[in-house]
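See structure below.
We did not get these values from a lab; they are worked out from the coordinates using the rules stated. Quick caveat, the model's predicted, so the values are computed rather than measured. Cβ: placed from backbone, ideal geometry, glycine included. Neighbour counts: every protein chain shown.
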Amino acid sequence: SPARSSVIIVGAGIAGLSAAKVLVKNGVEDIIILEASGRVGGRIRKQEFGGVSVELGAGWIAGVGGPKINPVWDLAQQSRLRTCFSDYSNARYNIYDPSGKIFPSGMAADSYNKAVESAIQKLKNEERKDGLDETKKMDQPCNPETPIELAIDFILHDFEMAEVEPISTYVDFGEKEFLVADERGYEHLLYKMAENFLFTSDGEISDSRLKLNKVVRELQHSRNGVLVTTEDDCTYEANYLILSASIGVLQSDLISFKPPLPRWKLEAIEELDVIVYTKIFLKFPYKFWPGGAEKEFFMYAHERRGYYTFWQHMENAYPGSNILVVTLTNGESKRVEAQSDQETLKEAMDVLRNMFGPNIPDASDILVPRWWSNRFQRGSYSNYPIYVNQQLVDNIKAPVGRIFFTGEHTSEKFNGYVHGGYLSGIDTGEALLEEIKESERKKLIQPFLV
Ligand code: FAD
């Protein structure tokens with residue numbers, strides 16, 4: 001029979017690793033971390049492209065400069081990660097129409113205010129619906145229609161992920177955002193963290209408790225423990241299990257549970273939205289876009305919402321790299337994932353030629369991450385419904401028997417962010433420690449009860 005450890009952790013993203021750290025630091029050292037892919041980091045992932053290191057997943061440390069210190073900012077300082085200040089609120093003043101003209105800033109500001117107003121109106125309507133008072137005639141929010149309104153609506157909702165204020169990340173940790181621009185990648189802070197509790201050498205984790213390329217396919221659980229089967233037919237047994245797979249993976253059929261998850265859990269999992277968010281990188285022989293910090297972000301106003309809308313140049317992060325990044329989301333992300341990169345390149349070049357004229361050079365390389373098709377991810381991050389009830393939040397993270405849930409999606413306040421993943425791992429690790437202590441206490445007093 002397989003060797004039994006105290007705890008199995010499924011997934012070596014930031015949540016799985018921070019949970020592991022809490023356990024090991026508190027004396028639970030016989031853990032096993034099973035990671036489906038060949039690397040740690042999950043949605044924190046760098047790749048060499050065009051001579052620099054680009055971030056396919058998380059790119060910003062969001063929430064800096066506020067009343068509390070963002071723990072991820074703290075980790076970044078400790079690991080001396082190179083970052084640069086990034087301000088995308090300027091984007092709305094750099095909006096191009098399809099003939100290459102920049103909209104006057106007054107017009108952009110008007111559209112922006114209108115979009116915020118409309119979002120607030122929508123929220124109020126939701127609130128009223130929630131109160132079941134549907135007989136009242138409500139003011140309909142004006143839907144975005146013109147290309148510039150569509151562009152602004154896109155950055156407000158799909159890029160800034162703005163539900164309407166207050167956003168806990170900004171309230172607690174501050175409104176500033178820093179872009180990670182480090183050749184070692186955002187993931188370097190994970191290695192630094194791992195150094196504290198796993199064996200590492202030469203910037204690699206060399207600990208035998210971390211097992212890569214182990215795709216968990218079945219979780220058998222009972223009052224006595226958990227038995228895990230991986231795709232390569234290995235089995236692992238433990239007293240408890242922490243599952244950090246993303247919400248997209250939980251919604252898919254990658255992992256089967258025996259017995260199946262209870263209905264309240266399945267319903268909570270189904271209720272969260274999966275956002276797909278794709279950063280496409282394009283390398284050019286030379287720079288043809290306006291430079292400068294206030295021009296770092298620019299937008300393209302097309303009649304189709306989200307069609308190559310949001311652009312960023314990488315000159316602030318990596319001067320001379322001649323790389324542009326365009327962000328697509330949801331339907332557009334899925335569409336480009338399904339087509340060839342050459343087709344995507346052509347679409348992006350057509351848009352750029354509309355903005356900057358026919359004579360700009362062709363991109364020499366393109367990189368299209370596929371977070372939606374990746375069966376170990378199935379999307380980029382979770383999004384809670386605007387009116388989330390406490391029961392849903394509780395059910396998302398509540399354990400089922402000996403299976404504990406963690407990950408970005410289990411963080412009520414910071415879901416969708418790296419710090420959400422990090423803090424959820426700590427929370428889950430601590431909750432499990434409590435459970436272990438409690439069961440040991442029961443075992444101790446049991447003999448006296450008989
Ligand atoms: P993950 O990193 O997904 O870790 C889960 C791990 O589980 C993965 O390694 C996966 O391979 C593994 N796994 C899954 N299924 C199995 C299985 N069956 N068996 C074994 N292992 C399995 N956040 C920010 O703060 N700032 C940003 O700028 C930002 N931008 C983003 C941009 C993109 C494109 C994406 C994708 C995400 C972005 N995020 C950003 C969100 C952030 O990356 C995540 O919230 C965070 O990294 C999630 O960490 P996690 O540990 O919860 O999940």
The size of the Cβ-based charge dipole (Lys, Arg +1; Asp, Glu -1) of the chain about the Cα centre, to the nearest 20 debye, is 780 debye
Ranking Asn213, Tyr191, Tyr240 by how far each Cα lies towards the positive end of the charge dipole of the chain (+1 on Lys and Arg Cβ, -1 on Asp and Glu Cβ), the top one is Tyr240
Stretched fully, the stretch from Asn389 through Ser79 gains (0.36 nm per residue minus C-alpha distance, one decimal, in nm) 107.8 nm
Neighbours of Trp289 by Cβ distance under 9 Å: Lys/Arg at +1, Asp/Glu at -1, summed charge +1
Set Lys283/Lys346; Lys176/Lys397; Lys21/Lys176; Lys265/Lys397; Lys25/Lys192; Lys21/Lys192, cut-off 19 Å on Cα-Cα distance; pairs above it are Lys176/Lys397; Lys21/Lys176
DSSP beta bridges in the chain: the antiparallel percent, rounded to 5, is 70 percent
Cross-link reach from Lys442 to aspartates and glutamates, straight Cα distance under 17 Å and at least 8 residues apart if same chain, gives Glu434
Counted neighbours (other Cβ, 10 Å), sorted fewest up, put Asp207, Asp158 in the order Asp207, Asp158
Within the under-13-Å Cβ sphere about Ser37, not counting Ser37, Lys/Arg +1 and Asp/Glu -1 give a net charge of +3
Listed residues Leu190, Leu272, Leu261; largest mean-square fluctuation, Gaussian network over the chain with Cα springs below 10 Å, found at Leu261
Here the stretch 399-415 yields Karplus 3J(HN,Hα) values (6.51, -1.76, 1.60; θ = phi - 60°; whole Hz; Gly and Pro given as x) of x, 10, x, 9, 9, 9, 10, 8, x, 2, 5, 9, 8, 4, 8, 10, 4
Mean-square fluctuation maximum in Gaussian network of the chain, Cα pairs under 10 Å, restricted to Ile386, Ile32, Ile155, hits Ile386
One finds, for Asp350 and Leu444 with R0 = 51 angstrom and r their Cβ-Cβ distance, a FRET efficiency to the nearest 0.05 of 0.10
Inter-part gap, Cα centre of the stretch 80-111 to Cα centre of the stretch 423-444, in whole angstrom, is 48 Å
Per GNM of the chain with C-alpha springs under 10 angstrom, the most fluctuating residue out of Arg353, Arg223, Arg370 is Arg223
Neighbour-count ranking for His419, His221 (other C-beta within 10 angstrom, fewest to most) reads His221, His419
Placing +1 on each Lys and Arg Cβ and -1 on each Asp and Glu Cβ in the chain, then taking the dipole about the Cα centre, the residue among Leu272, Val336, Pro290 whose Cα reaches farthest towards the positive end is Leu272
Shape descriptors of the stretch 196-308 over alpha-carbon atoms, Rg and Dmax in angstrom, are 22.2, 64
Percent relative contact order for the chain, counting Cα pairs under 8 Å at least six residues apart, stands at 24 percent
Under the Karplus relation with 6.51, -1.76 and 1.60 and θ = phi - 60°, whole-Hz ³J(HN,Hα) for the stretch 59-66, x at Gly and Pro, equal x, 10, 9, 9, x, 9, x, x
Scoring only Lys, Arg, Asp and Glu (+1, +1, -1, -1) among other residues with Cβ under 11 Å from the Cβ of Ala3 yields -1
Here the equivalent ellipsoid of the chain, derived from its Cα gyration tensor, has semi-axes (largest first, whole Å) of 41, 27, 19
Exposure proxy check on Leu81, Leu367, Leu23: fewest-to-most Cβ neighbours within 10 Å is Leu367, Leu81, Leu23
Here the stretch 231-245 yields Karplus 3J(HN,Hα) values (6.51, -1.76, 1.60; θ = phi - 60°; whole Hz; Gly and Pro given as x) of 4, 8, 6, 8, 10, 9, 10, 8, 6, 9, 9, 10, 10, 10, 4
